[in-house]
Amino acid sequence: MSNSNLNPRCLSIGGKEIRVVDDHQYVLLIWGRLFQNRKQPMVLVSIDYHPDTNPPFWLWAYQKAIAIDPDREVELVETFQRRMLAALEPFDLDSVQRVMGQMRNDEHINTALELGYLSDYHMINCMEKHVYSRGGHYLVPENKFGSLEDSMFKSIELPLEKISTADLILDIDLDYFMHPQNLALDLNQNSMFADLVKQAQIITVARSRTYFDFLKTDQFTIESCEDKLIDLLEKIIHR
């Protein structure tokens, strides 16, 4: 557990808070703190290469179930997941912190729904269009991977009219960006991402270094990507 997960990079730009963590699941603690302060759930818009909406504690529960009795996998997985969730108190972040070691970096969004930190989410990603009883998935076409342009948002039919009335968290994974040009957004031609930035009550960012290094298609460091994203956010906020 790295210090950057426990103590994320914290920025305030024009009064808007931006938090950057190494591993994506640790944004759950940031969302929980926001819930403590606001006493009401938020709506999430997450932009990521991966969907990150696996069920809470799924991998931990699956591995434990298989080790005990493979024939009872489904039953045991559900039992272990319920047991983990029952140990969490939404207003007690220490209870959430204690189980972060059992949470994967693709299980935090539906965990946040279960804890009441989120009332809904809109998951923009490049891999899968999951269908659950709650939350929406929007699959980015391959020719738009890494894009923040209006044409990308239009292609996935993100329901911006519905989102525009919500108390919003904007969440971004750096592994979404393939090359530096993705972050050279012409704000005179593209407004949808800027509108989300301005509307967001808080912005969370995950570095996801392993995935970033695997997916990038250019000579592009994660440090450069993070700096370029922060620069873009600052330009939008002060615009």
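The values are calculated or read from the model by the stated rules, or taken from the named source; none is laboratory data. Quick caveat, the model's predicted, so the values are computed rather than measured. So basically every Cβ, Gly included, is an ideal-geometry build from the backbone, and we count neighbours across all protein chains shown. Side chains are part of the model used for accessible areas, which takes the heavy atoms of the whole protein and leaves out ligands, DNA and RNA. Shrake-Rupley method; radii C 1.70, N 1.55, O 1.52, S 1.80 Å.
Structure above, values below:
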| read-out | value |
| --- | --- |
| Accessible area, probe 1.4 Å, largest first, for residues Cys10, Cys126 | Cys10, Cys126 |
| Contact order relative to length of the range 157-230, as percent, for alpha carbon pairs under 8 angstrom and 6 or more apart | 45 |
| Test item: Cα-centred dipole of the range 49-208, Lys/Arg +1 and Asp/Glu -1 on Cβ, debye | 100 |
| Taking the chain and dividing mean pair separation by its residue count, relative contact order in percent (alpha carbons under 8 Å, at least six apart) | 26 |
| The chain: calculated mean residue ellipticity at 222 nm from DSSP helix runs of at least 4, using -39500 (n - 2.57) | -11000 deg cm²/dmol |
| Rg followed by Dmax, in Å, when the range 67-141 is reduced to its Cα trace | 14.6, 41 |
| Table column - 3J(HN,Hα) (Hz), the range 228-235, Karplus curve with 6.51, -1.76, 1.60, x for Gly and Pro | 5, 5, 4, 4, 5, 4, 5, 4 |
| Overall dimensions of the range 167-229 as given by Cα atoms, namely Rg and Dmax in Å | 12.4, 37 |
| Candidate residues Phe80, Phe145: accessible-area rank, largest first, probe 1.4 Å | Phe145, Phe80 |
| Rounded, prolate or oblate (a/c below 1.5 giving rounded, otherwise prolate when a/b exceeds b/c) for the range 101-219 by Cα gyration tensor | oblate |
| Efficiency of FRET from Cβ geometry, Asp218 and Leu11, R₀ 30 Å, rounded to 0.05 | 0.75 |
| Rg and Dmax of the range 40-171, Cα atoms only, in Å | 16.5, 50 |
| The range 32-42 - phi-based ³J(HN,Hα) in whole Hz, Karplus 6.51/-1.76/1.60, Gly and Pro as x | x, 5, 5, 4, 4, 6, 8, 6, 8, x, 10 |
| GluC sites (Glu not before Pro) restricted to DSSP loop in the range 141-203 with at most 12 other C-beta within 10 Å | Glu157 |
| Quotient of C-alpha Rg and 2.2 N^0.38 Å, computed over the chain | 1.00 |
| Under 5 Å, built H, 5+ apart or other chain: amide partners of Gly136 | Tyr121, His122, Met123 |
| Cleavage-rule hits, trypsin sites (Lys or Arg not before Pro), the range 71-176, DSSP coil, Cβ neighbours within 10 Å at most 13 | Arg98, Lys129, Arg134 |
| Alpha carbon Rg of the range 10-97, scaled by the compact-globule rule 2.2 N^0.38 Å | 1.35 |
| Mean Cβ neighbour count within 10 Å, used as a protection proxy, ranking 228-235, 20-27 highest first | 20-27, 228-235 |
